[in-house]
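The values are calculated or read from the model by the stated rules, or taken from the named source; none is laboratory data. Here the structure is a predicted model, which means the values were calculated and not measured. Virtual Cβ from ideal backbone geometry, glycine too; neighbours counted across all protein chains shown.
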Amino acid sequence: MKEILLATLAGIIVGILFKLLKLPLPAPPVLSGIMGIVGIYLGGKLFEWIVRWFS
């Protein structure tokens, strides 16, 4: 839980800093970005499952 809070805090700080400097946010569009992260997570879990299944 601590990692999640620290990551969220870091993201908020970066977002504020980018807006203060009037730079575009360094993030993909919201839904596609979230789905990309979910896909990476699911791919990693699927790989672990396959390795365990065939080991």
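Key figures for this structure:
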quantity: Test result for Ile40, within 14 Å of the chain's Cα centre (by Cα), modelled with pLDDT of 90 or more and among the aliphatic types (A, V, I, L, M); calculated: yes
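For every residue, the table says whether it meets (1) in a loop (DSSP other than H, G, I, E, B); (2) modelled with pLDDT of 85 or more; (3) surrounded by fewer than 10 Cβ atoms within 10 Å (Cβ to Cβ); (4) among the hydrophobic types (A, V, I, L, M, F, W, C).
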site: Leu5; (1), (2), (3), (4): no, yes, yes, yes
site: Gly11; (1), (2), (3), (4): no, yes, no, no
site: Ile16; (1), (2), (3), (4): no, yes, no, yes
site: Ala27; (1), (2), (3), (4): yes, no, no, yes
site: Gly33; (1), (2), (3), (4): no, no, no, no
site: Gly36; (1), (2), (3), (4): no, no, no, no
site: Leu46; (1), (2), (3), (4): no, yes, no, yes
site: Arg52; (1), (2), (3), (4): no, yes, yes, no
